[in-house]
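Q: Take a look at this one; I'll ask things after.
The values are calculated or read from the model by the stated rules, or taken from the named source; none is laboratory data. These numbers come from a predicted model, not from an experiment. Positions of Cβ are backbone-derived with ideal geometry, glycine not excepted, and every protein chain shown enters the neighbour counts. To get the accessible areas, we keep the full protein, side chains included, count just its heavy atoms, and leave off ligands, DNA and RNA. Shrake-Rupley method; radii C 1.70, N 1.55, O 1.52, S 1.80 Å.
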Amino acid sequence: MRKLAPIIRFLGNQALNQVSISKRPMYGFILATEGCNSRCTYCGFWKTRMADELSTEEWKRILDDMRELGVTNVTWSGGEPLLRRDLFELAKYSYDIGMMNNLVTNFIVFKESMIEPMSEYFVTIGISIDSHRPEIYRELRGVDWLPRIIENFGKLRKGLVKRQSSTFTLALNTVTALNIDSTHDLIHYLMDDISFDSISFQLVDTEKGGLDTYGKPNDYLEPSGEQIEKFRQLVRGHKKQYPIINSGRYLDQFGAFDYDCNPWKCIQIDSHGYLQTPCLRLAKDKGKKINLREQRLVDIWKSEDVQNIYRSYNECNLCNYYCVVDTAWTSTDFTFFMNDLVLGITLPLRRRIGQRNNAKIPPGRCDYYNSESPKINLPVLK
């Protein structure tokens, strides 16, 4: 019953948001730290230092306020959140006050001692794997740690099965021109050969005329229209077989999304305690930050000043983040919520977890097309 409580509150918030002018936030997105041990070309967090970040007690106070405002689902991200020594203490606290936790990690510093708290306190373990080909992984993420991550994943998966855990593993893939053409083999490697429970895709988010994190023009990261169209059809075809955590609408619009952000759905807070108002991409450009060390979130959330800031973002659709796009549709369109989230994603995923825990995942097949897999020196996990 304890694990059902946040789901019941989520459904209640969903219903209220359909009929109420005053929107209740449903998600919390926390940058647990900006420190990172990857060196990704499309993300610059690795250039920052872990300094003057929120203490354990400061985060607990913010979690209390999130819970009071209506948040049911908290994502711990970064940077690399596993670099925070108190991460599992904070996740336990969030769990104990009735919220669901999700983790986004590069999985490099994983230890087997983490399996127990991951299984107990997290709904999702999202692992960033942009390619199963070591040379592409290294070019995108700037480190040569893919074999270690696959080895770590095998230990996690074995531990989840041993515990008959309902926690699911999610392979997170940022789609760029460098990896998009190997999507077919990536899906089959991740889902068949090493048996992730699910997989997601997100189009790389670059600014036109901008630079990557190494100072090079970033246009080389952007897939062509032809590549995107082929990708869209391929992933759509494989969604019939695997629990791919992207809605059909997201895949159909891949590269040209039509949505209104609905910024009230999510409270986003950085590692220094600033309320990002309301998104991580544009908050710095707007120059409007609210320090939650000095003010209580529960006190300022409904203030006219804060709500006006959120209203100014309501019709924004600039980013490609699937967590923004799909949750925007989820929180405003009940038909989408039922058909795409519940029937199209949640039920296939629960079925996959049951198969995993009972060692009954059906053998991989592909009705889309056959291809010659690249020669790679990575394990197949059984």
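Q: I'm checking my understanding of the structure. Among residues of segment 161-173 that are out of contact with any strand residue (DSSP E or B) (no Cβ under 7 Å at 6 or more places or on another chain) and over 18 Å from residue 192 (Cβ atoms), which one is most open to solvent (accessible area, probe 1.4 Å)?
A: Of everything passing the filter in segment 161-173, 162 is most open to solvent (accessible area, probe 1.4 Å).
Q: Mind counting the residues in segment 201-212 that are modelled with pLDDT under 75 and open to solvent by less than 20 Å² (accessible area, probe 1.4 Å)?
A: 2
Yes or no, residue by residue, for (1) surrounded by 12 or more Cβ atoms within 10 Å (Cβ to Cβ); (2) modelled with pLDDT under 90:
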site: 326; (1), (2): yes, no
site: 332; (1), (2): yes, yes
site: 355; (1), (2): yes, no
site: 358; (1), (2): no, no
site: 364; (1), (2): yes, yes
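Q: A follow-up question, please. Would you pick out the residues in segment 219-233 that are open to solvent by 10 Å² or more (accessible area, probe 1.4 Å) and either assigned to a helix (DSSP H, G or I) or among the aliphatic types (A, V, I, L, M) (or both)?
A: 219, 220, 225, 226, 227, 228, 229, 230, 232, 233
Q: So, residue 220, is that one out of contact with any helix residue (DSSP H, G or I) (no Cβ under 9 Å at 6 or more places or on another chain), aromatic (Phe, Trp, Tyr) and free of Cβ contacts under 8 Å to residues at least 60 places away in the same chain or not?
A: Yes.
Q: In segment 167-184, which residues are out of contact with any Leu (no Cβ under 9 Å at 6 or more places or on another chain) and either among the basic types (Lys, Arg) or more than 30 Å from residue 219 (Cβ to Cβ) (or both)?
A: Of everything in segment 167-184, nothing turns out to be out of contact with any Leu (no Cβ under 9 Å at 6 or more places or on another chain) and either among the basic types (Lys, Arg) or more than 30 Å from residue 219 (Cβ to Cβ) (or both).
Q: Tally time: how many residues in segment 340-353 are closer than 16 Å to residue 166 by Cα and open to solvent by 40 Å² or more (accessible area, probe 1.4 Å)?
A: Summing the residues that are closer than 16 Å to residue 166 by Cα and open to solvent by 40 Å² or more (accessible area, probe 1.4 Å) in segment 340-353 gives 4.
Q: Hey, residue 150 hits all of (1) open to solvent by 30 Å² or more (accessible area, probe 1.4 Å); (2) closer than 26 Å to residue 181 by Cβ; (3) touching a residue at least 12 places away in the same chain (Cβ under 8 Å) but one; which does it fall short on?
A: Here residue 150 meets the rest and fails (1).
Q: Which members of segment 45-78 meet the condition of being buried (at least 22 other Cβ atoms within 10 Å of the Cβ), aromatic (Phe, Trp, Tyr) and in contact (Cβ under 8 Å) with a residue 40 or more places away in the chain?
A: Correct list: 76 only.
Q: Kindly state which helices (runs of 4 or more DSSP H) lie completely within segment 1-100 and contain at least 3 residues that are modelled with pLDDT under 85.
A: Hits in segment 1-100: 5-19.
Q: Which residue is most open to solvent (accessible area, probe 1.4 Å), if the candidates are limited to segment 110-131 and must be among the aliphatic types (A, V, I, L, M) and modelled with pLDDT of 95 or more?
A: The residue in question is 123.
Q: If you don't mind, there's one more thing I want to ask. If residue 81 meets every condition in (1) under 22 Å from residue 142 (Cβ atoms); (2) open to solvent by 20 Å² or more (accessible area, probe 1.4 Å); (3) without any contact (Cβ under 8 Å) to a residue 60 or more places away in the chain apart from one, which number is that one?
A: Of everything listed in (1) under 22 Å from residue 142 (Cβ atoms); (2) open to solvent by 20 Å² or more (accessible area, probe 1.4 Å); (3) without any contact (Cβ under 8 Å) to a residue 60 or more places away in the chain, residue 81 misses just condition (2).
Q: Being open to solvent by 20 Å² or more (accessible area, probe 1.4 Å), of a type outside the set (Ser, Thr, Tyr) and touching a strand residue (DSSP E or B) at 6+ places or on another chain (Cβ under 8 Å) is the filter here, so list the residues in segment 85-101 that pass it.
A: 100
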